[in-house]
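The values are calculated or read from the model by the stated rules, or taken from the named source; none is laboratory data. Predicted model, so just to flag it, every value in this text is computed and none were measured. For neighbour counting, all protein chains shown are included, and Cβ atoms are generated from backbone atoms with ideal geometry for every residue, glycine included.
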Amino acid sequence: MLESMAYKGSSNSICGKVNGCLIVIKFFKFIFILYLIYKIIRIIDLFYCALQQKSLHILNVINIILITKILIQTLKDVEFYSFYIYVNI
C-alpha cells in the first residue's frame, strides 16, 4: 500500500514523505533479519561445536539438544522484545 502511495500520491510532498517512510521500513526489516540470522547462527555454532566432541554419550547429546532448545526459546521470548525496545529508542 505504501508503495502505491509513493508513486500515485496526490502531491509531491506526500509522495516524498511516503517514499521516505518506505525506505526506513525496508531498512528496519533488513537490520532485523540480519540480527536474527546472527543470533541463530551463534546458537547453531555452539550446538555443532558441542556435538563434535570425540567422547559424547547419548545423555550428553540429549542435554545439548535441550540447552539449544532453551536458547532458541529465550531468543524468541526475551531477546526479540529487548531488541524491539532498543530499536524504538
Quiz item: Quick one: which of Cys15, Cys49 is in a helix (DSSP H, G or I) and at pLDDT below 75?
Solution: Cys15
Exercise. Please go through the stretch 27-43 and pick out each residue that is surrounded by 11 or more Cβ atoms within 10 Å (Cβ to Cβ) and either more than 21 Å from Thr68 (Cα to Cα) or touching a strand residue (DSSP E or B) at 6+ places or on another chain (Cβ under 9 Å) (or both).
Key: Phe28, Ile31, Phe32
